[in-house]
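Heads up, the thing below is written out as structure tokens.
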Amino acid sequence: LCLSSQSGCPLTCSFCATGTMKFGRNLSESEIIDQALHFRRIEPVNHAVFMGMGEPMMNLDNVLAVCERLPDVGIANSHTTISTVGWLPGIERVITEGPAVRLALSLHAPNDALRSRIMPVNDRYSISQVVEACREWRHTRKRKVFIEYLMLDGVNDSPELAHELADLLLPKNDFKVNLIPYNPSGNQYSGSSREAIGRFRQTLMSRGIHATVRLTRGRDIDAACGQLAARAAA
């Protein structure tokens, strides 16, 4: 399950359709858990990621409350992941608060100049601050942090940037990288070629960084990563 935590998103990442929406509000605990219950009525559910609309760390009280309840729905804490663009206060809280879920960081660039260009939140919380907090989470929670990296043609997919990413993430035992093929959402970006993604992954692997290519789901209904946006206000 891909769960949303907000209506819209206030953080305006330039590659994400949700960021073009007007931010509505945080979703309540009941509204979030009802997303899981809806799909459980159709079939059993066993995994959940907070990677839908919104920044989960900006609605953390409700998100953590839902994480406490998901095992009753059939989703263990070890199969639940909270994804963040790097909202530092939230990361610092989950180091010690809440159940032992997994953490994913939507990074998408290995240096501040590039990341700030595509993700304005980086002007508030720099890469060094966010990665340091993730390392602290990893050593406290004893789980690797997932690094989400969207592959944008000619923007962040060069071998040089792959080496820079490896430098940032070493030692290798703290992180696992998920390379995400870009899903078109009507903005200025296009996706990296399969060959470019393969070269990027191979560079990371040669440096000792475990990296996989994410399988895309939901593109056929404009509901894949980066495509979630309402066509009209409810």
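The values are calculated or read from the model by the stated rules, or taken from the named source; none is laboratory data. Here the structure is a predicted model, which is why all the values come from computation and not from measurement. Virtual Cβ from ideal backbone geometry, glycine too; neighbours counted across all protein chains shown. Note: accessible area is taken over every heavy atom of the protein model, side chains too, but ligands, DNA and RNA are not part of it. Shrake-Rupley method; radii C 1.70, N 1.55, O 1.52, S 1.80 Å.
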Region 163-212 and region 62-139 have their Cα centres apart by a whole-number Å value of 18
The FRET efficiency for D123 and I42, from their Cβ-Cβ distance with R0 = 30 Å and rounded to 0.05, is 0.10
With every protein chain present, what is the per residue accessible area of the chain (1.4 Å probe, Å²)? 47
If each of K142 and S190 carries a label point 7 Å out from its Cα toward its Cβ, how far apart are those two points in nm? 4.9
CD proxy, 222 nm, the chain: helix-only mean residue ellipticity via -39,500 (n - 2.57) per DSSP H run with n ≥ 4, per residue, nearest 500, stands at -10500 deg cm²/dmol
How big is the antiparallel share of DSSP beta bridges in the chain, given as a percent to the nearest 5? 10
Surrounding net charge for E31, when Lys and Arg each add one and Asp and Glu each subtract one, Cβ distance under 14 Å: -1
Report Rg (one decimal) and Dmax (nearest whole number) for the chain, counting Cα atoms only, units Å. 16.9, 48
Let me check I've understood the local charge: for R102, count other residues with C-beta under 14 angstrom from its C-beta, Lys and Arg +1, Asp and Glu -1. What total comes out? +4
State the extension gain, in nm to one decimal, for the chain segment bounded by L215 and R69, taking 0.36 nm per residue of separation less the distance between their alpha-carbons. 49.8 nm
Could you list which residues have their amide H under 5 Å from that of G52, counting only those 5 or more apart in sequence or on another chain, with H placed in the peptide plane? L3, S4, S5
